[in-house]
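Worksheet: one structure, shown below.
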Amino acid sequence: MTHGEIVKVAGPLVVAKGLTNPQMYELVRVGSAELFGEIIELRGDMASVQVYEETSGVGPGEPVIQTGSQLTVELGPGLITSIYDGIQRPLDAIRAQYGDFIPRGVALPALPRERKWHFVPSAKAGDVVVEADIIGSVRETTAVLHYIMVPRGLGGTIVSIAENDLTVEEPVAVIRLESGEERPMTMVQKWPVRNGRPYTQRLAPNAPLVTGQRVIDSMFPVAKGGTACVPGPFGSGKTVIQHQLAKWADADIVVYVGCGERGNEMTDVLQEFPQLKDPKTGEVLMNRTVLIANTSNMPVAAREASVFTGITIAEYFRDMGYSVALMADSTSRWAEAMREISGRLEEMPGEEGYPAYLASRVAAFYERAGRSMSLGSHPREGSLSVIGAVSPPGGDLSEPVVQATLRVVKVFWALDSRLADARHFPAIDWLQSYSLYSNLLEKFYDKEVGEEWSRNIVEVRALLQKEAELQELVRLVGVDALSVSDRLVLESAKSVREDFLQQGAFTEGDSYTSLGKQLRMLDSIMLWSHLAGKAAADGIPLNAILAMPVRVEIARSKAIPEGNLAAFDTLVKSIEKGFAALSEMDMTAREEYHE
């Protein structure tokens, strides 16, 4: 190892000299405590290092040790159910060995070295393998079968392969290279976090990431392998939405990155996820989850490491052929860390003090999402969907982090504090939000759910837009000045908002809604709307239409169990029967309603 010397310490930034051929993003150990750091700028013989640990007590003259490699993560069995900090140190193992506080400079292996895994080979001696080929598997949890892939740069003929209980460091196979050299292969491999894992082909997004959240799946869907951002002010429900997506989204693996969030929010995640029941398997959600815990009181530089550590782990499972969902909460904290480091480097600031390269860094993160075919002799289709929360000050959606994110993501779920204050969850504003995947996913919805799906969504969008226009008029002249048809628009839109878009995150039976049930709910609401318009045109009094008992049944339809969707047939008959009764109303009864 080669050494340099610290010449300056400015918070999380350390400047060193005397390094031997330093490289950008090289991992170094800083000071006598050997703190983790990463070279982020080279200027002459000086190297600027962002340190991922607290630098108090570190001073000039102390050594800087070069490692010769970039910041890497360990990939292999043991990732699932683990809780790491931003640089992939296992927090459970650190707590068991050192107590509740992480000692500076501590370096424990990310994957448990003593645990044995039962390796089941799928290849045999004599097989020719290349990079990313699967040679076997271990049952990591009851929910995840962990495939063992040939690591980068390795390929040749399998000389021997094991079939027994092994640790991640014991050889599972011996591979003879073209040069004739025989090289052992273990279950653990390393990957630099700033380099995306390669693939053979990027595929078009043609299937939705079904979340069970009605406003998302119907109005603003995200595709498998897609990107989405959730900006909103404090208290508008960003974290709750991400928890819901982690629990219910149609993904095999969940990677949850808490990037600079408040400690109490990460504590909630750490306490809830090991107890949440996984609707897919009936077991705990942690059995298919990896948590990266980085809180606001941790050194700011580690926020950047946490998002790249999380997405590298997610890419690893994508390459196995899994559908992976990554939740980043929140990228604003990462941007604030970039702003602080940029200031320490004395770089020319961009808008609101953020560095000029803010947009390119954000794009480099989100562009690693996608649906793709892996490397290897038998490519596997996998997807990586990224949903990032953004916390703009005061909910200002024009601030730089939101705008930089919107340039690269395809789905925008704008959270509205007024909806949150009114206890409307999810508080996604249906007038500001959008999804650029909607047109791409129409064929999927029409084929897999029903041809009337797209027609309903178009009508609902028009209804909500018309309601917004009428609300402006109501504020000026009052609701009584509106025509009967306009009053019905308001009532139909209210039913869409309260009976369909509003959803209880903690209400059993309403926390998740399948696409089939969503379609039936929309069908019943729009059926009432259409028949109400016809009844009004036939002279049925508005008060009689609004007083129909079946409207209560429509509101309660969200509680219909998933296994009893036939109940919607009864609801449809009730709606039709109700309007048939109104049409038979005599003139005297109609006049009484008018009075």
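The values are calculated or read from the model by the stated rules, or taken from the named source; none is laboratory data. Here the structure is a predicted model, which means the values were calculated and not measured. Note: ideal-geometry Cβ built from the backbone for every residue, glycine included; neighbour counts use all protein chains shown. For the accessible areas, the whole protein counts, side chains as well, though only heavy atoms, and no ligand, DNA or RNA atoms are used. Shrake-Rupley method; radii C 1.70, N 1.55, O 1.52, S 1.80 Å.
Okay, here's what the table says:
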read-out	value
Relative packing of peptides 298-311, 85-98 - highest average C-beta neighbours within 10 Å first	298-311, 85-98
Full-extension gain in nm, Asp127 to Arg176, via 0.36 nm per residue minus C-alpha separation	16.6 nm
Percent RCO, i.e. relative contact order, over the range 256-361, from Cα pairs under 8 Å lying at least 6 residues apart	31
With all protein chains modelled, accessible area of Tyr357 [1.4 Å, Å²]	60
Burial order of peptide ranges 556-563, 358-365 (average beta-carbon count within 10 Å, highest first)	358-365, 556-563
Descending principal axes extents, the chain, alpha-carbon based, whole Å	98, 57, 41
C-alpha center-to-center spacing [the range 137-202, the range 299-325] in angstrom	19
Size-normalised alpha-carbon gyration radius of the range 1-59, reference 2.2 N^0.38 Å	0.96
Normalised contact order of the chain, rounded percent, pairs of Cα under 8 Å and 6 or more residues apart	13
Largest to smallest principal axis extent of the C-alpha atoms in the range 472-585, angstrom	42, 36, 18
Estimated inter-spin distance, Lys494 and Ala96, nm [label 7 Å along Cα→Cβ]	5.8
Test item: Cα-centred dipole of the chain, Lys/Arg +1 and Asp/Glu -1 on Cβ, debye	760
Solvent-accessible area, 1.4 Å probe, carbon plus sulfur percent, for the range 393-519	50
Highest to lowest packing among 323-329, 237-243, scored as the average C-beta count within 10 Å	323-329, 237-243
Solvent-accessible surface (1.4 angstrom probe) belonging to His378, in square angstrom, nearest 10	140
Leu145 versus Phe234: modelled label distance in nm, points set 7 Å from Cα along the beta carbon direction	4.8
Virtual spin-label span in nm between Arg183 and Met373, 7 Å along Cα→Cβ	2.6
Linear extension gain, Thr200 paired with Arg113, 0.36 nm per residue minus alpha-carbon span	28.1 nm
Solvent-accessible surface ranking, highest first, for Lys443, Lys17 at 1.4 angstrom	Lys443, Lys17
Hits among aspartates and glutamates - C-alpha to C-alpha of Lys238 under 12 Å, sequence gap 8 or more where chains match	Glu261, Glu265, Asp329, Asp416
Nearest-0.05 FRET efficiency for Leu431 and Lys190, computed from C-beta distance (R0 51 Å)	0.60
At least 24 Å along the helix axis (C-alpha) and Kyte average at least 0.5, DSSP helices within the chain	567-583
Exceeding the 32 Å Cα-Cα cut-off - candidates Lys277/Lys577; Lys224/Lys534; Lys447/Lys534; Lys224/Lys558; Lys280/Lys410	Lys277/Lys577; Lys224/Lys534
Accessible area expressed per residue, the chain, with surrounding protein chains retained (probe 1.4 Å, Å²)	42
